[in-house]
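Derivation of every value follows stated rules applied to the coordinates shown; laboratory data play no part. None of these values were measured; they are calculated from a predicted model. All Cβ positions, even for glycine, are placed from backbone atoms using ideal geometry, and neighbour counts span all protein chains on display.
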Amino acid sequence: MDESNPVLTVRPKIADLNFHLYGRSIHPELFDTCVCRYIERENYRIHLNITSDGHLLVFEKDSIVLSEVAASALHPLPSKRQLICCPIESAREEQTSFQDRVHYQCEFQLDIVAPKTFFSIAQQINSSKECEGLIHRFQSSGRMAFGAVSYINIQAFQNHVRLKTFHTFPDSCAIVKSQSEFHLK
């Protein structure tokens, strides 16, 4: 677990969020990175970043580099070798294979919940002391008594990695969840 001190950051509007997959590296310097982690296994490497918008995951297997990004549509991102770009709305699934060596699949969804439900979820997350994975708690924007939370759960095995992300947006009572898997063939 790696947790930084809370940082006052304004999350993007939920309507502006996009999900991207690139067939190339996207440099973390393009983002306001709050916390990061690097995992290396015999067959692959993965760099995980929680950003002020959402996340950046960079998966590397030999010459194959895939970058998954959840960020604001207003965030300046490259268009070169962009494989998926879609707004984060309701639920969606995507999958693709690369050079017959890596299979990628993901599903993501946006949930808008009642304020009472959101408050209950936020209290539960904020009261937890320990977690498996990567977590960042943002300071409150002032509208609510608590700030946003981003969490990445990592399950790294020899020939595949599964990542579950969870991002809260208190001003909209919104939760963005995703699950991504990279399987080596």
Residues of the range 83-121 with amide N under 16 Å of the 7 Å Cα→Cβ point at residue 157 | 102-106
Between the modelled labels at residue 63 and residue 117 (7 Å from Cα along Cα→Cβ) the distance in nm is 4.8 nm
Based on the Cβ-Cβ distance from residue 73 to residue 105, what FRET efficiency comes out when R0 is 25 Å, to the nearest 0.05?
-> 0.60
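How large is the helix-only mean residue ellipticity at 222 nm for the chain, computed as the sum of -39500 (n - 2.57) over DSSP H runs with n ≥ 4, divided by its residue count, in deg cm²/dmol to the nearest 500?
Numbers: 1 runs with 13 residues, N = 185.
Dividing the helical sum by the residues of the chain leaves -2000 deg cm²/dmol.
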Amide H neighbours of residue 72 under 5 Å, at least 5 residues apart or on other chains, H built in the peptide plane: list them.
-> 18
Give the distance, in whole Å, between the Cα centre of the range 24-40 and the Cα centre of the range 70-126.
-> 16 Å
Nearest 10 degrees, 0 to 90: what angle lies between the long axis of helix 115-127 and the longest principal axis of the chain (Cα atoms)?
-> 70 degrees
For residue 164, list the lysines whose Cα falls under 18 Å from its own Cα; do not include residues on the same chain fewer than 8 positions away.
-> 177
